[in-house]
Each structure stands twice: as C-alpha cells, then as structure tokens.
Amino acid sequence: MPLDVRPLTGPDELPSWLKVVRTAFLEPPTVPAERLAEIVGSFGESRFTGAFEDGGCVGTLRSFPQRVTAVGGGRVAANAVTGVSVAPTHRRRGILSRMMGADLAAAHARGDAVATLISAEYPIYGRFGFGPATHSLDWRVDVAATGIDRQRALPPGDGRLALVDAETALAEGPALHARFLAGQPGALSRDAAWWRALTGTGRRDPGWKEPVYVLHRDADGAPAGLLCYEADDTSRTAKVHDLLATTAAARRALWTYLCTIDHVSHVETYHRPPDDVLPLLLPDPRAAKVTRLTDFLWVRVLDVVAAFEARTYEAPGSLVIGVTDPSGPAGGTYRLTADADGTGQVKRTEEEPELSLDVSDLARLWLGDGSPLALAEAGLLDVRTEGAAACAERVLRTARRPWCPDGF
C-alpha cells in the first residue's frame, strides 16, 4: 500500500499515533486513559502529522507555535518540533524526510523565522538543516565541601526568601519568567500547561512527588527568583526542577539556600547555562562538579533575514555570508551589516561570499554560541576572504552564552 503522509483528521486518530511514539521511545504502547484525555483536550493546540499505511499509523511528528528569545531580547516566531518517530517496521523508507519536509515547508509559509527541537540522537537532524544552538550543564554539588558559612542568615544581600505553595508559584511564576525571557537568549516561551505540570496542578507523571517552592522577593517586595526542588530523604539529595532568577542577588540567594538546607548532602541540577556562575558562588568551587555537558536546543533557520535582524550585535561590522540549504528556503548569499548601536540589517546579495557554510551550522551562529574561528578550523566554515572569520567572531559571538532551560 502507498504511504500517506498527512495531518491527523481528528482526535480519534490519536491512539494509533501515540502508539507509534510510545513504542519508539520505549514506553508501553497504550497511553493511559487520563493522559489520552488530556492530549485529546488539547488537540487543537498542536499540529499532528502522521504517516499511514493500510489505515495504520507508522510515523509521527507534532509541531506547535513557540517563541524563542534572540540575542538582545527580541522574540522570534518558531515552529517547535517534537514527537518525531517512525515505527521500527518501517525504517529507511523516507517517512521521516517526508514528514519533516512537509512540516518545515508549512512553517516557512506561515512566516516562522526558525524551527526548533531537542535532538534525542545527534546524527538525525543535521540533514534537515538543524544544528545545535545552545548547550547545557548538569551539576552535582557536595554541600559539605562548598565552604559556605552555614551560620550566616539568608539571603545574603538585599531581599528575602519565603517557602510558598504551588498556587503562589503558579500565580507568580509566569510574570517572573516573562521578565527572565527578556534577558536570556535561547530561552523559550512557557505555556499554561508547563506551569501546571511544574506545580502539580495539571497532569502528574507516574511517581510525581510534591516539590518545595521558594520565592525570592527583592528589597521592594517584587518577585525576583523562584526555586522548585524535590528532596530525597534516602539519598539526602535536593534535585532542582527549576531555578529562575532575574537578578544576581536572587540567584545568589537561591543557590545559597540550596547549599545550606539541613540534612541535604548533595544538590543535583540539570540543564543549567554552559557558563553558569554556580562555582563562583562557592568559597570552594571544586564542590560543584559537572556531571554532563551536552548540546540542547537545536535550531533550523528558515528565514535568514528575519532571524538575524531579530538579534543584536556586540560589535559593528559587515560580512557577506553564503548559506547552503539544499532542502529548504534559507539558501543564498546575504550581507549582514551590524551597526554600532547593536542593530543589524540583512539583505540578499549577488556579491561573492566572504564566508560560506551549511544552514545546519548557521544555527550555531544565530544565538552567538558558535565560534566562527573554531568552525573554520574544523572545516565547517569556508573562509574565502582573509580576516572574515575574525570579523565574524567579533560580530556574531556574545559575551555570555545562550541558554535554553526547557525541553519539549
């Protein structure tokens, strides 16, 4: 039977669609009834694509609207891609390529500047133009070795901390996160369902345990930080689910709190910034050990002009960049001009490129995390004009690295 790649016609096709996803990600094939009801209820909020053969689903892809913070705080319309799978019985038949091609074409037609995903396996998505745009660290802190003076009052500096309930976290968190977004390139929008999951007021995964919520208010009483963590009395470990701060004082206070909780011997935290200040907050930075460094948010640039004009630049300069994009709309040559005020203009041009690269490597440069000099040394950036890579380093890199706290 011929394969039919198409949007799902309605919620009644979800059980078959979910069975493929769950099988691919090593979950029991049948979705629990309460989870199915939740997905059915939010069916219209996402775009579900399926590959069907003889009436049965054999491939899946879901996308939904998202906003990504660019360098400088601009918000960019994105097509978030998730739930990508192909039934083990139907591998190597081009199903993924057909689903991804249709979804990205629709995203470009809608005017989305980029597409995003979290890549479960590194080699899969480069051929579709995606590349790693942010990285993250996991930490494990040996509390006894930090050297923090446990006799001092909390928090250090101005402000105050308070234990709050889930309802307060739900009420204060979204506005706090909105302020955080303005200063964090790579951060993603969070919808109401995200906050319900964090606070346990919505769907609860199996084994869900009520976390502790800590709110930091600044000297004026305004929320400046929110911590959510789970305490394990057996291992004496505090596992951080979320640590959100909009000021340096709030960040210091929440980390100090974590490292001075009675009966806690270790703190574990995940998907933190690759240049996290955590070790600098400890008298003995060796107490914080990196347990994992990994790529995290992957980006596929769909509209070079929109994506690169949405961000700001830390140094003035001008570059002519050639982009190769065999499977998408980003291919061409562009002149990027960054002004002294940080704004940038991008225009298509017939000039000869000074630099050229694949669209998947362009993702490394959009949020300022990739080094043009390193890409050139690795053979991923073709330098055709002397000094162009050094100019790109000055113009495109950022002093602080981008960070995406949230998976999807």
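The values are calculated or read from the model by the stated rules, or taken from the named source; none is laboratory data. These numbers were taken from a predicted model, which means no experiment stands behind them. Here the Cβ positions follow ideal geometry from the backbone for every residue, glycine too, while neighbour counts run over all protein chains shown. The area values use the complete protein model at the heavy-atom level, side chains included, leaving out ligands, DNA and RNA. Shrake-Rupley method; radii C 1.70, N 1.55, O 1.52, S 1.80 Å.
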Using alpha carbon centers only, segment 1-64 is separated from segment 315-375 by a whole-angstrom value of 37 Å
Of every Cα-Cα pair in the chain, the percentage lying beyond 26 Å is 59 percent
Quick calc of log₁₀ I(q)/I(0), segment 346-399, Debye, one scatterer on every Cα, no solvent, q values 0.14, 0.30 1/Å, result -0.33, -1.37
About its Cα centre, the chain carries a charge dipole, from +1 on Lys and Arg Cβ atoms and -1 on Asp and Glu Cβ atoms, whose size in debye to the nearest 20 is 340 debye
For the chain, the accessible surface attributable to carbon and sulfur atoms (probe 1.4 angstrom, ligands and nucleic acids excluded) amounts in percent to 52 percent
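Take the alpha-carbon positions of segment 310-408, form their convex hull, and give its projected area averaged over all directions (one quarter of the hull surface) in nm².
7.1 nm²
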Here the Kirkwood hydrodynamic radius of segment 64-160, Cα-based and in Å, equals 17.6 Å
Along principal axes, largest first, the alpha-carbon spread of segment 171-302 in whole Å comes out as 44, 38, 32
Summing -39500 (n - 2.57) over every DSSP H run of at least 4 residues in the chain and dividing by its residue count gives a helix-only mean residue ellipticity at 222 nm, to the nearest 500 deg cm²/dmol, of -7500 deg cm²/dmol
To the nearest 20 debye, segment 172-277 has a Cα-centred charge dipole, built from +1 on Lys and Arg Cβ and -1 on Asp and Glu Cβ, of 180 debye
In the neighbourhood of V299 defined by beta carbon distances under 14 Å, the net charge of the other residues (Lys, Arg +1; Asp, Glu -1) is -3
Segment 57-97: Kirkwood hydrodynamic radius (Cα pairs, Å) comes out at 12.2 Å
Reported to the nearest 10 Å², Y334 has, with a 1.4 Å probe, an accessible area equal to 10 Å²
Net charge (Lys, Arg +1; Asp, Glu -1) of residues whose beta-carbon lies under 14 Å from that of V264, V264 excluded, is -2
Around S356 (Cβ within 9 Å, Cβ-to-Cβ, excluding S356; K/R +1, D/E -1) the net charge comes to -2
When the charge dipole of segment 215-287 is computed with +1 on Lys and Arg Cβ and -1 on Asp and Glu Cβ about the Cα centre, the Cα farthest towards its positive end, among P285, A253, H266, belongs to P285
Cross-link reach from K289 to lysines, straight Cα distance under 28 Å and at least 8 residues apart if same chain, gives K209, K239
Both in Å, the radius of gyration and Dmax of the C-alpha trace of segment 1-123 are 15.0, 51
Expressed in angstrom and ordered largest first, the alpha-carbon extents of segment 1-73 along the principal axes are 50, 32, 24
Rounded to whole Å², per residue accessible area for the chain with a 1.4 Å probe reads 46 Å²
Quick tally, 1.4 Å probe accessible area for F25, F48, sorted with the most first, runs F25, F48
Once all protein chains are kept in place, R62 shows an accessible area at probe 1.4 Å, nearest 10 Å², of 60 Å²
Note on segment 1-102: contact order normalised by length, alpha-carbon pairs under 8 Å, 6 or more apart, percent, works out to 28 percent
One can check that the equivalent ellipsoid of segment 268-368, built from the alpha-carbon gyration tensor with semi-axes equal to the square roots of five times its eigenvalues, has lengths in Å, largest first, of 35, 17, 10
Counting only protein heavy atoms and leaving out ligands, DNA and RNA, the solvent-accessible surface of S235 at a 1.4 Å probe, in Å² to the nearest 10, equals 60 Å²
